[in-house]
Every structure is written in structure tokens, then in C-alpha cells.
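The next block holds one structure in the form of C-alpha cells; read it before the comments.
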Amino acid sequence: MKQNKIGRTGRLFNILSVVLLFFCVALSAQAAEEGGNAATERMNEIFKWINFAIVAAALIWLFAKKLPAWFRGNAETISSAITKATAAREEAERLVREAEAKLANLKQEIAELQATAKHEAAEEGERIRALAQSDAKKVGIAAQAEIEAAERAARLELKALAAAFAVDGAETLLAKQLTPAAQESLMDNFVKSLEGRPN
């Protein structure tokens with residue numbers, strides 16, 4: 001399509017060039033026939049218009065060839081920039097709406113967080129109180145068990161001490177009451193009791 005357009009434009013330009021050349025030759029022949037100053041002036045006027053027509057045709061052809069593509073590219077660039085800017089604006093508006101919604105909910109979220117924190121603190125306080133009471137009971141039970149164990153140990157020690165005192169007292173009493181004659185009598189009785197027994 002583009003090739004055909006360029007080919008037509010080139011042929012049109014060639015035809016115009018031939019026509020203008022023919023027109024110039026015809027005018028110069030007429031001017032030569034008329035001769036004189038008026039004809040030369042008229043010829044100069046015609047050549048100026050022909051020159052203007054050639055320059056204008058060349059400029060029109062050049063602009064017709066180059067400007068549409070340039071305008072299309074520029075329009076596409078502008079359209080792309082507008083599309084990107086519209087998308088960026090929509091994204092920014094979406095972010096603003098989200099931020100406004102978050103700000104609106106922020107007070108409610110803060111109140112909920114405070115309520116949750118108070119509730120958790122109360123629960124933690126109760127747990128710590130229950131744990132402290134449980135530990136106090138355990139300490140009381142352990143202390144009671146230690147007291148009872150110390151009491152038993154003291155009683156056993158007291159019994160052992162009493163037994164030791166009783167044995168010491170008995171030894172002392174026995175030593176006082178057991179004279180050599182009593183000892184001999186006891187030994188004799190013991191031996192006699194052994195003699196009477198069968199083996």
C-alpha cells in the first residue's frame with residue numbers, strides 16, 4: 001500500500017515536471033517572438049509564479065509524505081502517555097480510597113486492640129494470682145512436711161537420748177547394787193541353770 005502511494009506520487013511529480021518544463025519552453029518561445037521589454041517583464045512574472053508553484057508543490061509533496069507519519073507517531077505517543085497517566089491516576093485514587101478506609105477503621109481497630117490488651121492483661125493477672133496461690137500452698141505443704149519430719153527426728157533423737165540416759169542410769173544403779181558377792185551369786189545361779197539343761 002505504501003509502495004503504491006510512493007509510486008503514484010513519484011509519477012505525478014514526474015508528469016508535473018514535464019508539464020512545467022513544456023510550459024516554460026512555450027513561454028520562452030512566445031517571449032522571443034514578442035520581443036521587447038513588456039514581454040520580458042511578463043516572462044519574469046510568469047517564471048516567478050512557476051518557481052513559486054514548483055517550490056509550493058515540492059513543499060506540499062514533502063509535507064504530505066513526512067507529516068502524516070510524524071503526526072501518527074506523535075498521536076500514538078500522546079495517546080500512550082494519556083493511557084498511562086489515566087492508569088496511574090486510577091491507581092492513585094484507589095490507594096487514596098484504601099488509605100481513607102484504613103484511617104476510618106483505625107479508631108475502631110485501636111479500641112479493639114485496647115480492649116483485647118486489657119482482657120489479656122486481666123487474664124494474665126488471674127493466672128499469676130492462681131499460680132502464686134498454688135505456689136504458696138505448695139510451700140505451706142512442704143513447710144508442714146518439713147516441720148513434721150523435724151518433729152519425728154526430734155522425737156527419735158529424744159527417745160534415743162532418753163534410752164541412753166536410762167541405760168547410763170541403769171548401769172550406774174547396777175554398778176552400785178552389784179557387789180562382788182552379788183556377782184558371785186549371780187554367776188553361780190547361771191551355771192546351775194546351765195547344768196540342769198540338756199545339751
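The values are calculated or read from the model by the stated rules, or taken from the named source; none is laboratory data. Keep in mind it's a predicted model, so treat the numbers as computed, not measured. Every residue, glycine among them, receives a Cβ derived from its backbone with ideal geometry; neighbour counts consider all protein chains shown.
The residues listed here are 60, 110, 78, 82; of these, the one that is among the aliphatic types (A, V, I, L, M) and within 30 Å of residue 17 (Cβ to Cβ) is 60. Against the definition (surrounded by 10 or more Cβ atoms within 10 Å (Cβ to Cβ) and at pLDDT below 85), how does residue 90 come out, yes or no? No, not satisfied.
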